[in-house]
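Nothing in this text is a laboratory measurement; each read-out follows from the coordinates by a stated rule. Remember, it's a predicted structure, so these values are computed and weren't measured experimentally. Counting neighbours? That spans all protein chains shown, and the Cβs are built from the backbone with ideal geometry, glycine included.
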Ligand SMILES: [Zn+2]
């Protein structure tokens, strides 16, 4: 026997009774239609009435709480990102994927925007390959670049067969090329230290200063970036590098060159080209409505 919903039955202007699983809801046709093409079409095509005994039955593959989130959005009371409605951390991920699916079924841009916003805000709880898949599947560009960067910074061998399926061949090939290029760039950066353009006025021996900078760079950054067993990221390498011995290098020259290294110009380069490859790949995404209010 179906039960009336506590929150969505005695509702202002509620005209139609719906049943989702075993719960009855009474909704306002205008509020639903405004936020869903599915309901708009339904009410335009039918003038039939409904009641507790003869409700409009919604598809069985969705749950009550999914419709209740949609209803909150439809009634202009979307749950805040930190609302109790959302489970904590990674536990929210399946729920958000369902909500995205529901937004497509109901053709509801506001629901889609909310789901995408929350997925984006919690993107680190989703595997990057899945985010790439969602980008193509749901026609959205908002998740793509960050996900592609995450894939580009982890080893190809970590990709599972599912991941490869999710990203598709075109993205996989682009990723392999990016990684090869990044690796080559890493070798160049590791082998070529930034040039000391001008020594400090206190630097007593410019030649010794340059020689030691060259040697320390190769033995420090070179080793950290190229270590066959455990190559470090740029940021980790710089952190370690700051702690090594700098021989006869002048302290001011050293401070200046470390500052230059920290700004990471050499690495910004590879970051930018990964972004530009991601942007080219995103050209293949046909954007659907509903990202317009993401406010990115
Ligand atoms: Zn110097």
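Using only Cα atoms, locate the centre of region 43-122 and the centre of region 165-205, then give the distance between them in Å, rounded to an integer. First find each Cα centre; the distance between them is then 45 Å.
Taking the C-alpha atoms only, the angle from helix 109-121 to the longest principal axis of the chain is near 30 degrees.
Cβ-Cβ distance of residue 53 and residue 83, R₀ of 22 Å, FRET efficiency by 1/(1 + (r/R0)^6): the value works out to about 0.05.
Which whole-number percent gives the relative contact order of region 180-274, counting Cα pairs below 8 Å spaced six or more residues apart?
On the way: 78 pairs, mean separation 33.1, N = 95.
Averaging sequence separation for qualifying contacts and normalising by length gives 35 percent for region 180-274.
In percent, rounded to a whole number, the relative contact order of the chain is 16, using alpha-carbon pairs under 8 Å and six or more apart. Note on residue 244 and residue 271: the model spin-label points, each 7 Å out from Cα along the C-beta direction, lie 2.2 nm apart. Helix 265-282 and the longest principal axis of the Cα set of the chain meet at an angle near 30°.
To the nearest ten degrees, helix 128-137 and the longest principal axis of the Cα atoms of the chain are 50 degrees apart. Potential lengthening of the chain between residue 202 and residue 22 amounts to 56.7 nm, from the contour at 0.36 nm per residue minus the alpha-carbon distance.
Can you give the FRET efficiency to the nearest 0.05 for residue 125 and residue 37, using r as the Cβ-Cβ distance and R₀ = 35 Å? Calculated value: 0.70.
Extending 7 Å from Cα along the Cβ direction at residue 137 and again at residue 30 yields two label points whose distance is 3.7 nm.
Within the P(r) computed for the chain, what percentage of the Cα pairs occupies the region above 24 Å? Value for the chain: 64 percent of Cα pairs lie more than 24 Å apart. For Cα pairs less than 8 Å apart in space and 6+ apart in sequence, what is the mean separation divided by the residue count of region 14-117, i.e. the relative contact order in percent? Over region 14-117, the number comes to 28 percent.
Test of understanding: what is the full-extension gain from residue 230 to residue 288, defined as 0.36 nm times their sequence separation minus their Cα-Cα distance?
On the way: separation 58, 0.36 × 58 = 20.88 nm, distance 4.21 nm.
Full-extension gain reported as 16.7 nm.
Working from label points 7 Å from Cα in the Cα-to-Cβ sense, the residue 97 to residue 146 distance is 1.8 nm. Hey, quick one: spin label on residue 173, modelled 7 Å out along Cα-Cβ, who in region 101-138 has an amide N within reach, i.e. under 13 Å? Zone members listed by number: none at all.
At 222 nm, what value in deg cm²/dmol follows for the chain if DSSP H runs of at least 4 each add -39500 (n - 2.57) and the sum is divided by all its residues, to the nearest 500?
Only helices count here, giving -17000 deg cm²/dmol.
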